[in-house]
1. Looking at A:215, A:227, which is the one that is farther than 25 Å from residue D:243 by Cα, surrounded by fewer than 24 Cβ atoms within 10 Å (Cβ to Cβ) and acidic (Asp, Glu)?
2. Spot the failing condition for residue B:30; the list is (1) in contact with an Asp or Glu (Cβ under 7 Å, 6 or more places away or on another chain); (2) closer than 28 Å to residue C:76 by Cβ; (3) of a type outside the set (Ser, Thr, Tyr), and only one is missed.
3. Filter segment A:143-156 for residues that are buried (at least 19 other Cβ atoms within 10 Å of the Cβ) and more than 30 Å from residue B:224 (Cα to Cα) and give the result.
4. Output the residues belonging to segment A:89-141 that are under 30 Å from residue A:335 (Cβ atoms) and acidic (Asp, Glu).
5. Report the residue count in segment B:294-342 for those that are in contact with a Phe, Trp or Tyr (Cβ under 8 Å, 6 or more places away or on another chain) and not assigned by TED's automatic domain parsing to the domain that holds residue B:273.
6. Name the residue, out of B:33, B:25, that is on the phi > 0 side of the Ramachandran plot and not hydrophobic (A, V, I, L, M, F, W, C).
7. Test residue D:82 against the stated conditions and say whether it is in contact with a Ser or Thr (Cβ under 9 Å, 6 or more places away or on another chain), under 30 Å from residue A:3 (Cα atoms), among the hydrophobic types (A, V, I, L, M, F, W, C) and at pLDDT 95 or above.
8. For segment C:187-238: of the residues being within 9 Å of chain D (Cβ to nearest Cβ), more than 28 Å from residue C:283 (Cβ to Cβ) and among the hydroxyl-bearing types (Ser, Thr, Tyr), which is farthest from the chain's Cα centre (by Cα)?
Protein chains: 4
Amino acid sequence: MVVVMNLSADPEQINSVQQRLEQFGFEIHMIRGVNRLVIGAVGDRRIISSLGLETMPGVESIVPIMKPYKLVSRESKGESSVVKVKDVSIGGDEVIVIAGPCAVESREQLLTAARQVRRAGAAILRGGAFKPRTSPYAFQGLEEEGLKLLAEASEETGLVTVTEVIDQMSLELAMKYVDIIQIGARNMQNFHLLRSVGRSGKPVLLKRGLSATIEEWLMAAEYVVSEGNESVILCERGIRTFENATRNTLDLSAVPVAKGQSHLPVIVDPSHATGHLRLVAPMARAAVAAGADGLLIEVHPEPHKALCDGPQSLTPEDFERLMAELKLVAAAVGRGVREMVM
Amino acid sequence: MVVVMNLSADPEQINSVQQRLEQFGFEIHMIRGVNRLVIGAVGDRRIISSLGLETMPGVESIVPIMKPYKLVSRESKGESSVVKVKDVSIGGDEVIVIAGPCAVESREQLLTAARQVRRAGAAILRGGAFKPRTSPYAFQGLEEEGLKLLAEASEETGLVTVTEVIDQMSLELAMKYVDIIQIGARNMQNFHLLRSVGRSGKPVLLKRGLSATIEEWLMAAEYVVSEGNESVILCERGIRTFENATRNTLDLSAVPVAKGQSHLPVIVDPSHATGHLRLVAPMARAAVAAGADGLLIEVHPEPHKALCDGPQSLTPEDFERLMAELKLVAAAVGRGVREMVM
Amino acid sequence: MVVVMNLSADPEQINSVQQRLEQFGFEIHMIRGVNRLVIGAVGDRRIISSLGLETMPGVESIVPIMKPYKLVSRESKGESSVVKVKDVSIGGDEVIVIAGPCAVESREQLLTAARQVRRAGAAILRGGAFKPRTSPYAFQGLEEEGLKLLAEASEETGLVTVTEVIDQMSLELAMKYVDIIQIGARNMQNFHLLRSVGRSGKPVLLKRGLSATIEEWLMAAEYVVSEGNESVILCERGIRTFENATRNTLDLSAVPVAKGQSHLPVIVDPSHATGHLRLVAPMARAAVAAGADGLLIEVHPEPHKALCDGPQSLTPEDFERLMAELKLVAAAVGRGVREMVM
Amino acid sequence: MVVVMNLSADPEQINSVQQRLEQFGFEIHMIRGVNRLVIGAVGDRRIISSLGLETMPGVESIVPIMKPYKLVSRESKGESSVVKVKDVSIGGDEVIVIAGPCAVESREQLLTAARQVRRAGAAILRGGAFKPRTSPYAFQGLEEEGLKLLAEASEETGLVTVTEVIDQMSLELAMKYVDIIQIGARNMQNFHLLRSVGRSGKPVLLKRGLSATIEEWLMAAEYVVSEGNESVILCERGIRTFENATRNTLDLSAVPVAKGQSHLPVIVDPSHATGHLRLVAPMARAAVAAGADGLLIEVHPEPHKALCDGPQSLTPEDFERLMAELKLVAAAVGRGVREMVM
């Protein structure tokens, strides 16, 4: 950390800052510029915010130098992590495609979708049972009934399953029925929930909050890992910007940035990010070309009847075509696409 | 709602859209431009998203015309709502000041702060017992112990109290000890929690999410009110933008906008928005001049020792000075500042 | 356009709005909802803003339905435009790579760079002679001397050239020496300059402003085309968001969106968007996979000695490697990469 | 500046960085943490970007510590600057109100507006003669004819005048007819134009770009002042964010931030920022309460007939009412409002 002192800081003020830093175990380096004193302080980055330095007389600003996360950092572990769920490995050589409907709506809808996405080559089935909806008047999910249908679909097709949880109760239910626990964008900083999934030991798919920096996203992952659960998959799903031609702005640069700063696998959700089915395929191809370890894609047997996110859901035919394209792009960047052996 | 058809939409496609709208009870108006057909549809705004119109062949886009919220809208209730908590009224002629430390840290800290802010004229005491923190390594709050201290401080000083809850468990605890339940920015779209505080019947202070539009904020309030709880106080606390000279960008225009579109009272939190103590006073004065019904201000007996948000906390002396300034600004816009009778 | 009337609008107010619309040649459709009147108005979108409807008593809001641009729209011209410059076609089957240093710094630097990028397969040489710099103390470009060096490099290597202009004077100079005129992000809404390049007849590379919506970007292109110059190449180069791990946020979704709404070719500049050389290659590959018609890439013979944008410049070796990767990705999406015949 | 080295940086790499810094006159401080070396470097902040340090092997990142501007900084000049134009002082005890129409449309319109705003107490008349418009089909201004009308209005009413220039030609014309030269938001980084107004010696009203950080805004002012022209007035006019209930988001915190970091006066334009006439008065009052030195307000004799920005223009009656309110708010913060002696 660097403490920048005011031009007018007097020796007594400088002394107080120095004492406070030393009291907390920081090693001090005084750097005198032409007009100004700057104090380099070596110590535990994680306690900076509790030192109250910004409020001390004579202090102009604090500039942190080190990253605030540790366990998830690439520096703490040089090789990339691979998250294994049953026979599926996320973060290895193969690109993994997760597909299925936004919400589980009925037995027929989910089983049909599961068979369709499996046939096209998806490795993991998605489906929401607890739906956070902007409007209190919109469909909110089938809850436990939806989870049971996911388990049934998994048993029939052999697909690994993932579903979103929104609180302690839904987490406990989901742990009984599905393989991967998803934390949605709106809950990325629901820290109690992060700790709970950390303690659960289940693999976690952690979506980036729609106004979260990459650093905050990695700090959220740090919450999970700090509870002993290293099976975290990061998922970029668009950030909020001024542009309104798309639902959110898919930040594909976040893929190489996050993979550079962390050892965790990173996947991309082009469906929620763009909100338009015509944009899903080009952004899915781009994500693979940018180095994503997987994709999360909404597919619905009949998108125009979907209770949720119909406008961005692919038909099964669209999805089959996309899978063929993805194999070509993956091959172009030296990877394969994981496919179920039928 | 207006359905904009493609230039190339054929009669059969137009017919399908028309049938689907009529099937859901919409009244249809065909508007033929020079090149293009536009369909005006009168009906229930709240079911638009479940019609799947965007995915129908021949449809270019859907333009909603009406607002998606109803109960919280100014149109549903012309006069401004006043939320009454004990003898304090929020949303009436008087500006209400809520003050206190970011986190309850100890009995001495909280009682000292309570006495200081009461003396300076605050009507409500704030203090966090459950702290959502970006870092898993930071202080996370005293939990129930903190709530008990708030109750004790209230009993001694007569101040109404407010504290943040973060899930079902903390809500149940907080309901036993404090007067107003705060939903923080990170939980603005935690819809289960919104329903729970709606059912609790307790007055709710609802912070705007840091990337929430004003419309989404009002939709979050609609969740609470739709459960029968009309005592909702909106709180603007800054939005996330590219500017990094301040922690967030305080969107003061949101005060007249929200008060124009809704009958609910609106207060402002300049402490979290700016993140710098030197900016708190000017932004607090500006909020009152813009028409805010109240303020939420962090005050700590010893900011440099604060475990949380020290850099933006006012000293008791700063706060006294600010209260004097606020009375002058409130008077200039035809209002008073609520003060406790000692 | 749709005019939404207030709940309380009276017949006289409605009548005034109707008269004003009819006076300007709009055809009127009255749509009565349960509580509210909405007026659909068919007419010239381009004069809406001069009608003053928003200020008329009884009017709540105006909702435009049609796009404000016309000449650049996909609807006005179904097939994609191909911009031809000498023997290079931008917007056809082949992906075009533009490469070279941020700034022309010296004869040796530019000629070396030109030979290197030509050898690796670039079709067009870039180099800045007029540099808009955030700081008045930074290098501002070689001006006409730089343009002469571009012309010399073109003559030697056969490469087409592009350079940025910043005002009338630099435009007039550039027209004498280079093949394509670039309008930088900061000048995207410098409307006099847009008209001037429109009248110049020279091919124009139009960068998106860093806070411009896609609609505003297309309106800027409309300025150029409305002067009779149809040779416009759109260039996405990142938008400003809250994320600061990258210089800007590359909005790759803008590629399929702009190509859907307009017939103009769209290229991508991953160098300026990301600001980090390690991110250039993954984002360049992603751009091609998303359907971009070309790339604009900074390459410098010795990046650590660059007077401008060194941190994002590729070395010639990096660039050669990238070109090889791009050919594979282009092939995967059914395209080639244009290469000079040596 | 602080140079953060990679964990794996070797002695040779460290040595190269050290040599390069010393070669450019920087004084070096080696700070060894537990795992990592950090190099503190004291020297000229303005040449950092030309050192190419980010591209050197072993370097992880560069963290600048000092501000990049100098002449406009509060540190270079402790007391606040007062810009004097004829008998009007901007930046002193009195709040200055600039008012008038968005565009000069006709002799009658401008003279009527000038008399009306003078009567209500405005000190400076605004009116656009060169209008940068998003659409090529919108009214673009009366150009020199408009400037002559401003001069005539000034002669009749005694009001100081301000108008926007957009390039060299309009600047030269404006210098003959008006008192203050405005640089619009879209030209805030038109660096040649900034230099030209700097050399002109005329007082400059510099609007903040809609996606400019406060630091970039001050750098733009530095361009003007570095040419010897210290008469710069900063004007906050809203930044672009995701919120679309207002045209832009008025960043009132920028007032105390800019006044803290710079000695230049700061005014606020609530008309362009909000885009809605109902929001102009509350935001104008808030700006004064936040410490703004003045306001820029659009007033039109007949807003519904305005050729430009009618929806945000106040009527003369609205403006008179606002002036009365502003006097009360200014008094509450210990200031007056400058008024013309009739």
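The values are calculated or read from the model by the stated rules, or taken from the named source; none is laboratory data. Remember, predicted model here, so these are calculated numbers, not experimental data. Here the Cβ positions follow ideal geometry from the backbone for every residue, glycine too, while neighbour counts run over all protein chains shown. Keep in mind that these areas ignore ligands, DNA and RNA; they rest on the heavy atoms of the full protein, side chains included. Shrake-Rupley method; radii C 1.70, N 1.55, O 1.52, S 1.80 Å.
1. Being farther than 25 Å from residue D:243 by Cα, surrounded by fewer than 24 Cβ atoms within 10 Å (Cβ to Cβ) and acidic (Asp, Glu) holds for just one of A:215, A:227, which is A:227.
2. (1)
3. Answer for segment A:143-156, where residues must be buried (at least 19 other Cβ atoms within 10 Å of the Cβ) and more than 30 Å from residue B:224 (Cα to Cα): A:149, A:150, A:153, A:154.
4. Correct list: A:93, A:94.
5. Residues that pass the stated criteria total 0.
6. Just one listed residue meets the conditions, B:25.
7. No, not satisfied.
8. Filtering segment C:187-238 for residues that are within 9 Å of chain D (Cβ to nearest Cβ), more than 28 Å from residue C:283 (Cβ to Cβ) and among the hydroxyl-bearing types (Ser, Thr, Tyr), the one farthest from the chain's Cα centre (by Cα) comes out as C:226.
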